[in-house]
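The values are calculated or read from the model by the stated rules, or taken from the named source; none is laboratory data. Since we're looking at a predicted model, the values are computed, not measured. Cβ atoms come from the backbone with ideal geometry, glycine included; neighbour counts cover every protein chain shown. Heads up: the accessible areas ignore ligands, DNA and RNA and are worked out on the full protein's heavy atoms, side chains in. Shrake-Rupley method; radii C 1.70, N 1.55, O 1.52, S 1.80 Å.
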Amino acid sequence: MSCTDINVLKAVVSYSIQQNEQELGELSQKIWKNPELGFNEFEAHRILTEFLRRHGFEVEQHYILETGFRCSYGVDGGVVVCLICEYDALPEIGHACGHNLIAECGAGAAVAVKTCIEKELKNDPDFKGKVIVLGTPAEESYGGKIHMIRGGALDGVDIAIMAHPFAHETVTPGVISRIVGKAIFRGKSSHAAGAPWDGQNALDAAVTAYQSLACLRQHMKPGSFAHAIISKGGSRVNVIPDEAILEVAYRTTDTSYLRELIDKAKLRMTGAALATECQVEISFEHDSAYDAMIHNHTLCKLYEENGRQNGVEFYDKDVTLGSSDMGNISQLVPSIHPCFSIGTDAPNHSYEFTTASGSAEAQKRTLQTAKSLAMTAVDVLFTPGLLLQIQTDFRNQTTTVYQTFEGKV
């Protein structure tokens, strides 16, 4: 039981984030100005772990993954809250998803929660509770959280929380399941004018498959999406391509429906190969598929209440953010993944969003969100019985609504 009033601790949260405002802004700017792709976020890894070490955390660098980390503070035996940092960027367009802000938000909230634990320990040396910060690489590409889960990163964690920049303030954005796949078409090269009859055009196979997959979109269930690119299609116009690569991704609110979509995609890819007399090698990355997000009801309510106290006005319409490996975490421990506005209507993964994620307006709203996250963590750490209610929600949601993707497709 906490010896300190919750409202006093929440005032401590606000003061901590205010005191660290400049340092947090500099941290975010350094990451924003130096965008790094998944599993190559070496500078972001260094910046974040040095910041947390300066603020008194026990730091484990290169945790499970080369650019992953785990930082902790507190006493074992009580509630363990985990704050998530992401910090990878996108090719060519940099931090167009604002992961520099996610990193800042998680780190700032963690320091504020640590300050509250320190205060409580002074009043009650027998207090038990811990805050953990997980640095999770490669969310945009390779599902770093999935690798970290398999490495035991969630062992002993009671709740996991993070927030993501977006066009709107929303507590429960749609974060849906996703799987990516690839079809490698192989044909036979030949001179495109001198002997085209000797060739088998792998690019034609990829284009035929692309068009066939596009026709499938009309027949997919609501809440499902398909994307595809031809990432390899030949090297010279006068050479019939002997290899072409089609990359696809399927997303859906119903994780179990992915099996049907994969089967339909394979049928169309195989048909395109037959039609062009090519061979095809098809693969789907089951081990790195992203699960749908489970937003824990009690945690969401706490976050919304804390957000409103911090002056946040939440968007009242349903929105879909996309997919995230945070969904895989939410299948295993009670979690939230709210979104916060950074002062732009631009969509994520656009040049405009990249610009906005480095703006002064984004900085202001990120700190506001860090307060709301930290206050939510404080509620769970210092309110007796609250974790039990959160865990009851979690059991009910996972057994009646969702299935974990891994092993089901």
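What's the angle, to the nearest 10 degrees (0 to 90), between helix 386-400's Cα axis and the longest principal axis of the chain?
20 degrees
For the full complex of protein chains and a 1.4 angstrom probe, list H286, H219, H45, H62 by accessible area with the highest value first.
So, going from the largest accessible area down, we get H219, H62, H286, H45.
Debye calculation, C-alpha points only, no solvent: report log10 I(q)/I(0) for segment 1-79 at q = 0.13, 0.17 Å⁻¹, in the same order as the q values.
-0.56, -0.85
So what's the chain giving for Cα Rg divided by 2.2 N^0.38 Å, two decimals?
Compactness ratio reported: 1.08.
Based on alpha-carbon positions alone, could you give the equivalent ellipsoid semi-axes of segment 42-158 from the gyration tensor, as √(5λ), descending, whole Å?
Computed over segment 42-158, the values are 27, 15, 11 Å.
Return one number: the angle in degrees, 0 to 90 and rounded to the nearest 10, between the long axis of the Cα atoms of helix 360-382 and the longest principal axis of the Cα atoms of the chain.
On a 0 to 90 degree scale, this one is about 60.
Once the convex hull of the alpha carbons of segment 39-88 is built, what does its volume come to per residue, in cubic angstrom?
Expressed per residue, the convex hull around the Cα atoms of segment 39-88 is 74 Å³.
Would you mind working out the accessible area per residue for segment 172-264, using a 1.4 Å probe, and quoting it in Å²?
Result: 50 Å² per residue.
How would you order 212-218, 262-268 from highest to lowest mean count of nearby Cβ atoms within 10 Å?
Highest-to-lowest ranking by the protection proxy: 262-268, 212-218.
At 1.4 Å probe size, with the rest of the protein present, what percent of the exposed accessible area of segment 267-409 is carbon and sulfur atoms?
C and S fraction of accessible area: 48 percent.
How long are the semi-axes of the equivalent ellipsoid of segment 283-409, taking √(5λ) for every eigenvalue λ of the Cα gyration tensor, in whole Å from largest down?
After scaling each eigenvalue by five and taking roots: 26, 23, 11 Å.
Determine, from the Cβ-Cβ distance of R150 and N34 and an R0 of 25 Å, the FRET efficiency 1/(1 + (r/R0)^6), rounded to the nearest 0.05.
Here the calculated transfer efficiency is 0.30.
Check cross-link reach from K364 to the aspartates and glutamates: straight Cα distance under 17 Å, and skip same-chain residues fewer than eight apart.
Those aspartates and glutamates meeting the cut-off are E21, E23, E26, E104, E169, E313, D345.
Among K182/K266; K30/K145; K10/K301; K130/K371; K10/K114; K145/K317, which pairs are too far apart, with a Cα-Cα distance over 20 Å?
Going by Cα-Cα distance, K30/K145; K145/K317 fall outside the 20 Å limit.
Radius of gyration and Dmax for segment 234-299's Cα atoms, expressed in Å?
So, for segment 234-299, Rg and Dmax equal 17.3, 62 Å respectively.
Rounded to the nearest 10 Å², what accessible area does K301 have for a 1.4 Å probe in the complete protein model?
130 Å²
Just need the relative contact order of the chain here, percent rounded to a whole number, with Cα pairs under 8 Å and 6+ apart.
Here the relative contact order equals 22 percent.
Using label points projected 7 Å from each Cα along Cα→Cβ, tell me how many nm separate T392 and E43, to one decimal.
Here the answer is 5.0 nm between the modelled labels.
Helix 297-309: angle to the longest alpha-carbon principal axis of the chain, degrees 0 to 90, nearest 10?
So the inclination is approximately 70 degrees.
When N counts the residues of segment 142-235, how does its alpha-carbon radius of gyration compare numerically with 2.2 N^0.38 Å, as a ratio?
Computed over Cα atoms of segment 142-235, the ratio equals 1.73.
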